[in-house]
Amino acid sequence: MKIRDLKNNLEQNLNKVRANKYVNSISHWIKKIFDSEKGQYNTNDFNEINTLENLAGIGIVSLTKSPADEVIAELTPEGKELHKDFIAHGYYL
C-alpha cells in the first residue's frame, strides 16, 4: 500500500482534513510498531488496543494475544510497504 492509496481510501469515507489527520496518526503508529523490539508492539491499554484494531481492519497490522494477556501488534506486508513510503516522503524527519 502507498500513501496515495491510503489517502484516497480515507478521503472516500471522510473529508480531506480528517483524512490527512488520520494519515498522520497512522504514520505515528506504523513507526511506533516498526521501532518496537522485534517489530512487535505489546500493550494492554484499552485505547491503544482500539486503535490497533482499527489499523488491523484496514490491513496494516496483524494482532495476536500474548500469554500475559497483552495484544501484540506487528506490521503486515502492506504496513511495511507503507512504512517505506512514509520514509520516502519524509514523514519521520
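Laboratory data are not the source of any read-out in this text; all were calculated from the coordinates shown. This one's a predicted model, so the numbers in the text were calculated from it and none came from an experiment. So basically every Cβ, Gly included, is an ideal-geometry build from the backbone, and we count neighbours across all protein chains shown.
Data overview
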item	result
Reachable aspartates and glutamates, given that their alpha-carbon falls under 14 Å from the alpha-carbon of K31 and they are not under 8 places away in the same chain	E74, E78, E81, D85
For the chain, the spread of Cα positions along each principal axis, largest first, Å	40, 25, 20
Value at 222 nm in deg cm²/dmol, rounded to 500, when DSSP H runs of n ≥ 4 in the chain each add -39,500 (n - 2.57)	-19000 deg cm²/dmol
When each of K7/K38; K16/K80; K21/K84 is checked by Cα-Cα distance, pairs over 22 Å	K7/K38; K16/K80
Sites E37 and A68, calculated FRET efficiency, Cβ-Cβ separation with R0 22 Å, nearest 0.05	0.90
Nearest-ten-degree value, helix 16-35 long axis tilted from longest Cα axis of the chain	40
